[in-house]
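Engineer: This structure is in structure tokens; I'll ask about it shortly.
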Amino acid sequence: MAYPNSGNRKKSLVAIVGRPNVGKSTLFNRIIGQRVAIVDDQPGVTRDSNYRPADWNGKSFTLVDTGGFFGPEEDPLTPFVQEQIELVVQDASVLVYILDAQQGPTPADAEILDFLRRQHIPLIAAVNKVDNVEKSDEVTAMFYELGLADFIPISASHGMGVGDLLDEVVQYLPDADLTPEEEEEVPKIPGIAILGRPNVGKSTLLNSLCGQPKAIVSPIAGTTRDPVDTEIVVEGKTYLLIDTAGIRRRGQMKQGLDKFSMMRCEEALRRCDAALLLIDGEEGLTERDAKVFSIANDMGKAVILLVNKWDVVEKDTNTAGAFAKKIREDLPYLKYAPIEFISAMTKQRIHRIFPHVEKILENYYRRVPTGELNRLLEDILAKNPPPVHKGRLPRIYYWTQASVAPPTFIGFVNEPSAIHFSYERYLINRLYENFDFEGTPIRLFWRKRKQRKSE
Ligand code: GDP
Ligand code: GDP
């Protein structure tokens with residue numbers, strides 16, 4: 001099969017950059033918060049990713065808050081911080097530079113902008129904290145000395161100007177809706193990230209996968225900072241293995257090890273289609289594992305959970321079953337993820353990984369015809385209609401699959417806020433039951449629509 005996203009598998013990345021305290025995370029949260037709520041997981045799961053999906057005017061992109069990687073106290077001009085920002089920025093489709101109206105232009109702004117301009121990536125400057133609209137011309141005028149042509153006045157905390165800023169941003173992004181014909185034409189090598197905490201066996205697994213009989217392997221040199229990806233051909237299919245094992249060695253030389261490795265995990269996740277999430281079978285699941293895995297879910301990636309080092313686990317008849325049950329309890333938001341018990345070292349069940357990856361990628365790109373979807377919906381509504389919520393009776397008119405990777409559905413309703421979270425989850429579960437979406441998250445959005453006379 002073809003994997004349509006190939007060319008833009010990395011959804012366009014929009015990076016928010018700026019000195020500390022200019023309001024980057026306020027803006028980030030505001031943009032993210034403007035999305036229609038969706039969720040296929042439990043309420044209250046911490047969302048601490050600095051990369052989040054966003055959309056505006058029908059274009060979807062990934063938004064990254066570069067400030068989110070550091071504390072507000074950290075100076076963006078220190079080499080460490082610079083290096084991290086550079087890493088993100090080199091991948092971006094659009095850069096949004098945030099200035100602070102209350103402080104005016106600073107030498108640090110001039111320096112960072114000088115760097116950003118040299119990236120030859122569309123650069124949009126916004127002046128934040130313009131809380132008084134009448135003064136916006138006066139305020140932005142202060143910034144012309146920075147040598148940029150235009151500044152968009154915004155107030156991230158009030159939301160003023162954010163729409164204008166997004167209008168400008170999405171002008172630089174490709175159209176989201178490729179027609180199916182166009183999709184087929186894009187050649188594609190799916191990216192597979194290998195993720196897990198230090199010592200879980202990532203390098204060993206990479207070696208074992210590459211050492212399989214009939215695997216043809218060619219390392220792809222990255223930039224100096226990127227880990228080396230590996231192209232591997234198995235059974236005539238090509239995959240790009242995105243390895244994060246190098247993270248630890250590089251990180252150790254530096255301060256901020258944990259933030260750094262989290263950031264690299266996020267970066268690997270962003271670049272991949274599917275992730276192999278490793279769990280240490282001897283030690284069990286840790287909180288850090290859960291955190292990284294929840295980010296995979298947030299980013300909407302296909303995943304397989306691999307319980308590694310199964311060779312050294314003492315087993316009786318139900319050890320794997322009990323282990324799986326515990327994982328299901330601890331990771332309720334990943335209930336769609338298949339679990340395999342492997343040994344990267346002895347290569348036990350390693351040969352099953354690529355066939356499994358192939359299957360979940362197929363599901364990740366699965367498109368369900370609208371007719372089929374609505375036959376299912378009719379059936380659901382007949383048996384179990386949505387209950388009255390907040391004093392309103394929700395009417396769901398129809399739904400349709402808006403996109404793949406991950407499968408994303410839009411339901412048209414009289415009043416989106418009338419759909420209770422648990423009913424939404426119920427619908428998502430019906431999708432999992434009726435179509436093969438194993439290994440992939442599902443998104444469900446609601447759009448308000450007036451009822452047509454004919455209905
Ligand atoms: P970051 O370090 O760039 O991510 O900045 P934050 O988003 O943490 O914001 C720094 C401070 O600026 C916080 O106290 C925010 O409440 C404040 N802030 C952010 N946006 C605005 C705004 O539009 N107007 C005003 N007056 N304050 C803002
Ligand atoms: P990474 O830090 O995630 O890349 O982990 P490594 O691949 O370097 O492995 C860490 C340690 O775990 C090494 O000593 C490996 O030999 C060991 N290891 C990795 N996979 C397995 C496995 O399946 N079984 C056993 N017994 N040990 C393993």
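The values are calculated or read from the model by the stated rules, or taken from the named source; none is laboratory data. Worth saying up front: this structure is predicted, and the values here are computed from it rather than measured. Don't worry about glycine lacking a Cβ; one is built from the backbone with ideal geometry, like all the others, and counts go over all protein chains shown.
Engineer: Just name the residue that is surrounded by the most Cβ atoms within 10 Å (Cβ to Cβ) out of those in the stretch 166-198 that are among the charged types (D, E, K, R) and at pLDDT below 50. Step through it out loud before you land on a result.
Structural biologist: Within the stretch 166-198, the first condition is being among the charged types (D, E, K, R), and the residues that meet it are 167-168, 175, 177, 181-185, 188, 197.
Of the ones still in play, those that are also at pLDDT below 50 are 177, 181-185.
Working: D177: 12, E181: 7, E182: 12, E183: 19, E184: 14, E185: 11.
Ranking the candidates gives E183 first.
Engineer: Could you count how many residues in the stretch 73-123 are within 16 Å of ligand 1 (Cβ to nearest atom) and at pLDDT 85 or above?
Structural biologist: Going through the stretch 73-123 one residue at a time, the tally reaches 17.
Engineer: In the stretch 95-112, which residues are over 20 Å from S25 (Cβ atoms) and either buried (at least 16 other Cβ atoms within 10 Å of the Cβ) or free of Cβ contacts under 8 Å to residues at least 12 places away in the same chain (or both)?
Structural biologist: Once the filter is applied, which keeps residues that are over 20 Å from S25 (Cβ atoms) and either buried (at least 16 other Cβ atoms within 10 Å of the Cβ) or free of Cβ contacts under 8 Å to residues at least 12 places away in the same chain (or both), the stretch 95-112 yields P105, P107.
Engineer: Could you tell me how many of the residues in the stretch 113-129 are in a helix (DSSP H, G or I) and without any contact (Cβ under 8 Å) to a residue 60 or more places away in the chain?
Structural biologist: Our first condition is that a residue be in a helix (DSSP H, G or I); within the stretch 113-129, this holds for 113-117.
Add one more test, that the residue is without any contact (Cβ under 8 Å) to a residue 60 or more places away in the chain, and what stays is 113-115, 117.
Going through the stretch 113-129 one residue at a time, the tally reaches 4.
Engineer: Between K335, K301, K326, K347, which is farther than 30 Å from I32 by Cα and either buried (at least 17 other Cβ atoms within 10 Å of the Cβ) or modelled with pLDDT under 95 (or both)?
Structural biologist: K347
Engineer: Just give me the residues in the stretch 132-156 being assigned to a loop (DSSP other than H, G, I, E, B), modelled with pLDDT under 90 and more than 24 Å from L87 (Cα to Cα), in sequence order.
Structural biologist: N132, G147, A149, D150
Engineer: Considering only the stretch 266-365, give the helices (runs of 4 or more DSSP H) lying wholly within it that have at least 2 residues that are within 16 Å of ligand 2 (Cβ to nearest atom).
Structural biologist: Correct list: 287-298, 319-330.
Engineer: In the stretch 80-97, which residues are closer than 27 Å to D167 by Cα and outside any loop (DSSP other than H, G, I, E, B)?
Structural biologist: The answer is I85, E86, L87, V88, V89, V94, L95, V96, Y97.
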